[in-house]
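Chemist: The following block contains the structure, expressed as structure tokens.
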Amino acid sequence: MSTLLLGITVVSVSTILAVAGMLVVRKILGLEKLKSFHEVSGDMLSVIGTLYAVLLGFVVVDAMTHMQEMRLTVEQEANAAANIYLAADGLPSATCERIQTQCSEYVDLVTNQEWTAMTQGKSIDEAHVVTWKLWHEATHIEAESEGMGCIKDRILEEISNLSDNRRTRLVMARHGVAPTMWFFLIVGGVITVIFTYFFGLECIKTQAVMTALIALTLSLNVFLVYLFGYPFSGDVAVFPDAFELDKKIFSEFHTVIKDGSDG
């Protein structure tokens, strides 16, 4: 099911159930009895609504921040892969070829296989192996000159950045919104809507519209938590665009250098 369809379904069902609940309570208690609850219900709804609004707002902002951090992490990982590839051009040809091949293999594995696996909170062993090969190649570079030593240091620094961001990406892909948080969000939303039932307006259509709007607003915000709480799944997920750009860099780098040398 697409994210849009899922969102429409969740919001629609939540709104319909909220209005249905209001109609049932109104029918059971009657308009006059509901009017007698106004003073107490209003004060209690103010307290409950404020507390829930604070909780919901905090969770939504936290989920959105988490999503932005994941985008930055992916960009930094892809940048590191590109920098390793480019810096390796200053190494002896055999070492350069091995490192650049490993960089290309790593990017291909991440975009073609691992990104799909991350939607289920998994990773692939082949990508781990490539990072270990990169470490092995870089740590065994013989720095025969000061310039070669600088290149080795830069490659090691970028491999460290790639490894750190990769670990962060994989860990965060395994963790979304905690089940306990979902429990509090859903129960809190239900309680808030139920408190609106203890008001009685003369026009039942007006009360139904007001109840529907409250349920709609709450369900939309809870759905936002779902969208941003799982950064590698759904229509607004983090996509491997930065790694796709790496592929373009890899494919064009030698062509540009060769053309420049010939010129």
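A short reminder: the numbers here are calculations on the coordinates, not readings from a lab. Here the structure is a predicted model, which is why all the values come from computation and not from measurement. Methodologically, a virtual Cβ is constructed for each residue, glycine included, from the backbone with ideal geometry; neighbour enumeration extends over all protein chains shown.
Chemist: In whole Hz, what ³J(HN,Hα) sequence does the range 244-256 give by Karplus (6.51, -1.76, 1.60; θ = phi - 60°), x for Gly and Pro?
Modeler: Per residue, the Karplus-derived 3J(HN,Hα) values read 5, 5, 4, 4, 5, 4, 4, 6, 9, 4, 5, 5, 5 Hz.
Chemist: Could you list, bin by bin from short to long, the percent of Cα-Cα pairs of the range 77-139 in 5 Å steps?
Modeler: Spelled out bin by bin, the range 77-139 gives 4, 19, 28, 23, 14, 8, 3, 1, 0 percent.
Chemist: I would also like to ask the following. Each residue of the range 47-59 in order: what ³J(HN,Hα) in whole Hz does its phi give by Karplus 6.51 cos²θ - 1.76 cosθ + 1.60, θ = phi - 60°, with x for Gly and Pro?
Modeler: 5, 4, x, 5, 4, 5, 4, 5, 4, 5, x, 4, 5
Chemist: Roughly how tilted is helix 204-229, in degrees to the nearest 10 and between 0 and 90, from the longest Cα axis of the chain?
Modeler: 20 degrees
Chemist: Under 15 Å from the Cβ of A208, count the other residues' Cβ atoms, weight Lys and Arg +1, Asp and Glu -1, and hand me the total.
Modeler: +2
Chemist: How big is the Kirkwood radius of the range 5-146, worked out from every pair of different alpha carbons and given in Å to one decimal? Working shown, then result.
Modeler: Working: mean 1/r = 0.0473 Å⁻¹.
Radius from the Kirkwood sum: 21.1 Å.
Chemist: Under a Cβ-Cβ cut-off of 15 Å, what is the net charge of the residues other than T168 that fall near it, where Lys and Arg count +1 and Asp and Glu count -1?
Modeler: Residues near T168 contribute 0 overall.
Chemist: If you don't mind, there's one more thing I want to ask. With Rg and Dmax of the Cα atoms in Å as the read-out, I listed (i) 27.6, 92; (ii) 17.3, 50; (iii) 18.3, 56; which label goes with the value calculated from this structure?
Modeler: Identified label for the calculated read-out: (i).
Chemist: Let me ask something additional. With θ set to phi - 60° and the Karplus curve 6.51 cos²θ - 1.76 cosθ + 1.60, what are the ³J(HN,Hα) couplings of the range 22-27 in order, to the nearest whole Hz, using x for Gly and Pro?
Modeler: 4, 5, 5, 4, 4, 5
Chemist: Around Q76, what is the net charge, scoring Lys/Arg as +1 and Asp/Glu as -1 over all other residues with Cβ under 11 Å from its Cβ?
Modeler: Combined, the nearby Lys, Arg, Asp and Glu give -2.
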